[in-house]
Amino acid sequence: MQDLMLKIDPKKLLYLATIIEHGSLKRAARALNVTQPALSGSMSRLESELGIRAFERTPKGVFPTALGEILYCHARLIRDEIGLAERALLNAWGGAPAAVRLGSLPSLATAVMPLALQKWGQAHPDRELQIVESPQIDLLVGLLRREFDFVIGFTECYDLEEGLRQRVLFRDKLLVIARKGHPLEGKPDVDWPTLVSFPWVFPTARRPHAVLGAALKAENIPPPENITVCGSVILLKAVVANSDHLAVLPVHAVNEELVEGRLCNIPIDAAALDRNIALYFREGHQMDEASRDLIAIIEKVGQEICQRGLATPSSDLSAAEIPGNR
């Protein structure tokens, strides 16, 4: 099998990915600007070289087999790497400004990032922005792979500091949240052993919840046994609002639900519930003016929101107050 893998033609893999995504040879050939017979022959040769069937051809379209799906996964990675190489070369040649690519924690998407992006868009209406929300570990790996220009995350790095630099932008306050009417609502002196006896919602299964883990480690308490993983902040809040699950989220991410009485805060004394939100960038990476403006706006908006403890800063933060380059 290793010898077979060495004979794979990367161009054929890219053709395969296009066929799977378009669902037919005809549409894929049009997208690739090749003839349908040439594309069909290329795929027949790929299947013959590997001794597999990559597609099922049916009257309703072309569908990948289980082995075709495996090839498709690798084909997408190859295509992504080619795209990253093209972008890096264009930047090095000093061509047209590329899109600013930003990675962000999902918990910042409720208030901080939308307002910051709105203000940045007013200052740079002609510049494209690409933003991806992902858990911290995925953001940092993506940053190292040059999928992002920079990342907004919290300061725990999971031992990925090598090759990265960080600068703290603002201080974030987190709460333990529960549904209105939860058995712990209004109870005085709730402790961590009581909290971990309830089910919890975590934002990712890739790593333990960093903030909760630090708080429990300080108290020498094992993590909760009943855990639900939910990558979406909106869905996470819905699970909490409709069950006895608990979760940890920033004040600005749950302010609206707290005000409207859909969620409540379970007071608990823990230094770990205060975290620093930081800018991460690759060592030696040079940012252009638009990127520096975006970071400065995120910093200002984040400080406004977190200092006031509101879902949005005051409406008098006008476009004229957008900070300059740093």
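Bear in mind these aren't lab numbers, they're just calculated from the coordinates by the rules spelled out. Here the structure is a predicted model, which is why all the values come from computation and not from measurement. Cβ atoms come from the backbone with ideal geometry, glycine included; neighbour counts cover every protein chain shown.
The trypsin sites (Lys or Arg not before Pro) found in segment 225-292 include none that occupy coil by DSSP while having at most 13 further C-beta atoms within 10 Å.
I want the local charge near residue 174. Using Cβ-Cβ distances under 15 Å, sum +1 for each Lys or Arg and -1 for each Asp or Glu among the other residues.
Details: positive: 171, 173, 237, 275; negative: 156, 172, 257, 269, 274.
Around residue 174, the charge tally is -1.
Model label points for residue 227 and residue 57, set 7 angstrom from Cα along the Cα-to-Cβ axis, are 4.8 nm apart. Extension gain for residue 191 to residue 217 (0.36 nm times residue separation, less C-alpha to C-alpha distance): 8.0 nm. Please give the net charge around residue 145, taking every other residue with its beta carbon less than 11 angstrom from that of residue 145, where Lys and Arg add +1 and Asp and Glu add -1. Summing Lys/Arg as +1 and Asp/Glu as -1 gives -2.
Among the listed values (1) 30, 52, 18, 1; (2) 30, 48, 14, 6, 1; (3) 26, 45, 27, 2, the one matching P(r) over Cα pairs in 20 Å bins from 0, in percent as calculated from this structure is (3).
Just checking the listed ones, 83, 41, 103: in the Gaussian network model of the chain with Cα springs under 10 Å, the one fluctuating most is 41. Computed packing ranks the peptides 112-125, 215-228 as 112-125, 215-228, most packed first, by mean other Cβ atoms within 10 Å.
Which percent of the Cα-Cα distances in segment 173-274 go past 20 Å? Within segment 173-274, distances greater than 20 Å cover 30 percent of Cα pairs.
The aspartates and glutamates whose alpha-carbon is closer than 20 Å to the alpha-carbon of residue 12, local same-chain residues fewer than 8 away aside, are 3, 21, 47, 49, 56, 69, 80, 81, 86. Relative to the Cα centre, the charge distribution of the chain, modelled as +1 at Lys and Arg Cβ and -1 at Asp and Glu Cβ, gives a dipole magnitude of about 1080 debye. Computed from the Cα positions only, the extents of segment 2-92 along the three principal axes stand at 46, 33, 21 Å, in decreasing order. The local environment of residue 288, defined by Cβ-Cβ distances under 10 Å, has a net charge of -1 under the rule Lys, Arg +1 and Asp, Glu -1.
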